[in-house]
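Heads up: the structure comes next, in structure tokens.
The values are calculated or read from the model by the stated rules, or taken from the named source; none is laboratory data. This one's a predicted model, so the numbers in the text were calculated from it and none came from an experiment. All Cβ positions, even for glycine, are placed from backbone atoms using ideal geometry, and neighbour counts span all protein chains on display.
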């Protein structure tokens, strides 16, 4: 045979082997996944394609050539169908293929048509090939006709569709690593499947001598890429584990994998003799080697097919069948050429059979091995193999000794392994039951009990396992859960509607005997008043066992195990374990009962007797679900009393409590029987209105509820009028869940307060959007300072007389990652409400103090650092101590720090505010009033509190140059400050005209865009020529 054809045949045969090996590997790592199965079939089709090419290069005649060419055409025709199917599955798993996916018959129709045209019909298929002979053997090029063009359209179209699906998967992948894998697979597909036909066409046109077609070699790039991805990224990897003793799912799969590889390597090695004629002694030897190779491939196929069988028993049997069949098949094929050594092969299979828990496979392999040796002994060709009878007897004896030793090893190992598995399962069961019941709650009770029953049932290999709690007086089941093995139907629903007769007698017997074991269900069914009669008759139970669940000697219920697949003796049960499990269940249910009692007491408000917030939220969830089911709406009314603090101050807390109790009674009387009212807390009440058909109905009910404020309330013998504000939100229009609905009702309630007393407001879209934004911002405030979202800009303050920098104000900025810059006026109130104000305020204060210390070397020596102070911080009793600690830790003179009190009019408790400001002044820091003049109570507060500076609101500064009236007001503020001996600072100065006015009135300081805009510290340093210290 010429060297040229032989080289290309070996290349194609190598590709055939690689495709099969990778296909076997892919199906080994996860045989259940559709993706792996389809890619395995694609590899098989590639191997058929390559195998045909490996043979056609070296065949002696045209008839054989066309036969193997048609075989190759079968593989190539269906490969593109398998691969596109694989690509669509891959894209679907990644979430990237949202387009139309054709039905499988339509997807595979072109491949079937191509098989018919190019392979199945001999006369038609042969007409599509042009045969040429050259230095590389017989070469076939397709004839350019309509069918060839259609095949090219089909193949290129499917390849492009596959690449498109992979690229879409790349774009949709949430994990960047998955996106890279998708792109890598798409690239490998393009390099493997697009160039071959183009290259073959160019070589055919450019070269004088025919050159073998290389198309089957290019997919090696694709197959190698998939193998690389499985090894590097875990691509197409899955789980094959099953709960069995020795040869479990994973071990069985691994064994099948290695046997498949061994058979495959044996087949490749045997068939390679066809391409190495110099290594074969004769034509008979070559035929024998090829037959042996075919047998090896057959064994490989049987082994691989076994892994697709769902039944684990049938799967192990098929694997054993392949092993048994291989012993005589391989022995007989090699007897003439390897008779001295091939007899050892059965020993290998005997070693493999030790993986089975039963010794039957070992006995079968031994029997087949001996049965194979006897005809070999009789028919062995003595001219090639010189052996006497003693050698055959010795071989058979060795097989028997191996069987005995293997049986002892298998029995000992499996026995100890069963003990270890049972011990491990027992520990796992007790641990599972303990963990499940230790943290059980009312909401998780059913799931935890189902998990416990499943564990008990599987451990004892029962067909049914149930737990039942019984009411002695009514002889009814108060709680019951049941687990059934596969194929067994539940009977618990029938027990709930019709409890078994004689249940009390059965419980009394359980209490006396502590455990009941029924070895024969037919005998037990004949007992009078047996509650098991109906159970046994409907479920085919043959054996049963029950243990009581007790509390202080009282039987609360029982655990029952039922067996339908055979009788079980009482000695088969670990009675101590069953008692432990029943005690654990009793503890869990007692804990649940206590939890229910506590929860019931905790679901109502002690003062008014109304349901509290927790109860209301649960009822709200049920009402929303019922509205969904009935396609109706439900309304939520949030009522807040106006000025209730005044009543408490006037009548005392006992009088306020009496008012709340009377209000609760009146609310219940005004509402329908189906409506639900609760006390949210303080002076807030919630009303739930079910089954309304339109939006306006909720408003009418709210108006009716608000009518209760039209009559006077009486407390401690005094009659007085009370007012309230209400917000109304309707589900599902104003909120899709409980929290959003409540938040929107709250927003509507504040809208009502803005309109005046005794008002109700229906929620609007604007309120809903604002509530959602506030809720989002409020949540995102937590940790914002740790995530680097909060920054501080600084704005210098200057002396009006000389223009020198006299102070710097620290201004907080929040750069939200999604919403952008959020104004302080929007997020500071949210921080005050959600409890983050103290945390953020401390962070701002420490950062500003630290920055002032850094500027110490170059900034004016007496320059102040001004920091805004929220009323929440002022009311915090620990704030003065925290401030003193910050000043000490950072090393800043307290005289260089000024705290600007914002929203002075909100300081409701004058004595508390006065005491807080006094402590701050005692530390040596100065205190200023921010936005002075903008609030109605500013002058009154100026009288009450000890202050060092007022900051005149910018509206007065801007308007001072526009009207004489505003000019007079601003001038009075400046003169008032001077008369009280405190400094005046004008905010928002933007023009030189405003500065002229401030100079005329001898204002002390100014701040605004006319001088500096707020900027980061680095920008301030650049503008003023400062250098920050270490």
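Would you call residue 859 in the same structural domain as residue 1019 (by TED's automatic domain parsing) and either modelled with pLDDT of 90 or more or under 37 Å from the mean Cα position of the chain (by Cα) (or both)?
It is false that residue 859 is in the same structural domain as residue 1019 (by TED's automatic domain parsing) and either modelled with pLDDT of 90 or more or under 37 Å from the mean Cα position of the chain (by Cα) (or both).
For segment 710-742, how many residues meet the condition of being part of a strand (DSSP E or B) and crowded, with 17+ Cβ neighbours inside 10 Å?
The number of residues fulfilling the criteria is 10.
Looking only at segment 1-32, filter to residues that are outside any helix (DSSP H, G or I) and surrounded by fewer than 20 Cβ atoms within 10 Å (Cβ to Cβ); which one of those is modelled with the highest pLDDT?
Residue satisfying both the conditions and the ranking: 30.
Please state which one of 239, 281 is at pLDDT below 75 and more than 43 Å from the chain's Cα centre (by Cα).
281
Under 8 Å by Cβ, and 6 or more places apart or on different chains, what pairs join a residue from segment 295-308 that is surrounded by fewer than 20 Cβ atoms within 10 Å (Cβ to Cβ) with one that is at pLDDT below 80 and not in a helix (DSSP H, G or I)?
Every condition considered, the pairs that remain are 308/31.
Output the residues belonging to segment 749-759 that are surrounded by 24 or more Cβ atoms within 10 Å (Cβ to Cβ) and either over 19 Å from residue 613 (Cα atoms) or without any contact (Cβ under 8 Å) to a residue 12 or more places away in the chain (or both).
Matches in segment 749-759: 752 only.
Using the structure shown, decide if residue 48 is under 22 Å from residue 86 (Cα atoms) and at pLDDT below 75.
no
With respect to the numbered conditions (1) modelled with pLDDT of 75 or more; (2) in the same structural domain as residue 370 (by TED's automatic domain parsing), which one is the sole condition not fulfilled by residue 297?
(2)
Being on the phi > 0 side of the Ramachandran plot and either touching a strand residue (DSSP E or B) at 6+ places or on another chain (Cβ under 6 Å) or at pLDDT 65 or above (or both): is that true of residue 553 here?
Considered against the rule, which asks whether it is on the phi > 0 side of the Ramachandran plot and either touching a strand residue (DSSP E or B) at 6+ places or on another chain (Cβ under 6 Å) or at pLDDT 65 or above (or both), residue 553 comes out as yes.
If I filter segment 802-820 down to residues being surrounded by fewer than 13 Cβ atoms within 10 Å (Cβ to Cβ) and under 16 Å from residue 1006 (Cα atoms), which single residue comes out as farthest from the chain's Cα centre (by Cα)?
Checking each candidate, the answer is 802.
Given 823, 857, which one is touching a residue at least 40 places away in the same chain (Cβ under 8 Å) and surrounded by fewer than 19 Cβ atoms within 10 Å (Cβ to Cβ)?
Exactly one residue qualifies, and that residue is 857.
What's the number of the only condition in (1) exposed (fewer than 14 other Cβ atoms within 10 Å of the Cβ); (2) at pLDDT 85 or above; (3) out of contact with any strand residue (DSSP E or B) (no Cβ under 8 Å at 6 or more places or on another chain) that residue 626 fails to meet?
Every listed condition holds for residue 626 apart from (3).
Restricted to segment 712-740, and to residues that are without any contact (Cβ under 8 Å) to a residue 12 or more places away in the chain and closer than 23 Å to residue 654 by Cα, which residue is nearest to the chain's Cα centre (by Cα)?
Filtering segment 712-740 for residues that are without any contact (Cβ under 8 Å) to a residue 12 or more places away in the chain and closer than 23 Å to residue 654 by Cα, the one nearest to the chain's Cα centre (by Cα) comes out as 712.
When you check residue 666 against the structure, is it at pLDDT below 85 and assigned by TED's automatic domain parsing to the domain that holds residue 752, yes or no?
no
What are the residues in segment 593-622 that are buried (at least 20 other Cβ atoms within 10 Å of the Cβ) and part of a helix (DSSP H, G or I), if any?
Result: 616, 620.
Go through 788, 835, 783 for me and flag whichever is over 28 Å from residue 1023 (Cβ atoms), surrounded by fewer than 14 Cβ atoms within 10 Å (Cβ to Cβ) and within 30 Å of the chain's Cα centre (by Cα).
783
I need a count of the residues in segment 666-709 that are assigned to a loop (DSSP other than H, G, I, E, B) and buried (at least 21 other Cβ atoms within 10 Å of the Cβ).
So the answer is 1.
Taking helices (runs of 4 or more DSSP H) that fall entirely within segment 961-1030, which contain at least 1 residues that are touching a residue at least 60 places away in the same chain (Cβ under 8 Å), crowded, with 16+ Cβ neighbours inside 10 Å and more than 55 Å from the chain's Cα centre (by Cα)?
Once the helices (runs of 4 or more DSSP H) in segment 961-1030 are filtered for at least 1 residues that are touching a residue at least 60 places away in the same chain (Cβ under 8 Å), crowded, with 16+ Cβ neighbours inside 10 Å and more than 55 Å from the chain's Cα centre (by Cα), what remains is 992-1000.
Select from segment 834-857 the residues that are out of contact with any helix residue (DSSP H, G or I) (no Cβ under 7 Å at 6 or more places or on another chain) and over 19 Å from residue 793 (Cβ atoms) and list them in ascending order.
835, 839, 856, 857
Please count how many residues of segment 218-228 are in a helix (DSSP H, G or I) and surrounded by fewer than 19 Cβ atoms within 10 Å (Cβ to Cβ).
Residues in segment 218-228 being in a helix (DSSP H, G or I) and surrounded by fewer than 19 Cβ atoms within 10 Å (Cβ to Cβ): 5 in total.
For segment 601-622, which positions are within 21 Å of residue 669 (Cβ to Cβ) and in contact (Cβ under 8 Å) with a residue 40 or more places away in the chain?
Once the filter is applied, which keeps residues that are within 21 Å of residue 669 (Cβ to Cβ) and in contact (Cβ under 8 Å) with a residue 40 or more places away in the chain, segment 601-622 yields 605, 607, 608, 609, 610, 611, 612, 615, 616, 619.
Considering only segment 743-759, how many residues are assigned to a helix (DSSP H, G or I) and under 27 Å from residue 654 (Cα atoms)?
The qualifying residues number 2.
How many residues are surrounded by fewer than 15 Cβ atoms within 10 Å (Cβ to Cβ), touching a helix residue (DSSP H, G or I) at 6+ places or on another chain (Cβ under 9 Å) and in contact (Cβ under 8 Å) with a residue 40 or more places away in the chain if we restrict to segment 406-437?
Residues in segment 406-437 being surrounded by fewer than 15 Cβ atoms within 10 Å (Cβ to Cβ), touching a helix residue (DSSP H, G or I) at 6+ places or on another chain (Cβ under 9 Å) and in contact (Cβ under 8 Å) with a residue 40 or more places away in the chain: 1 in total.
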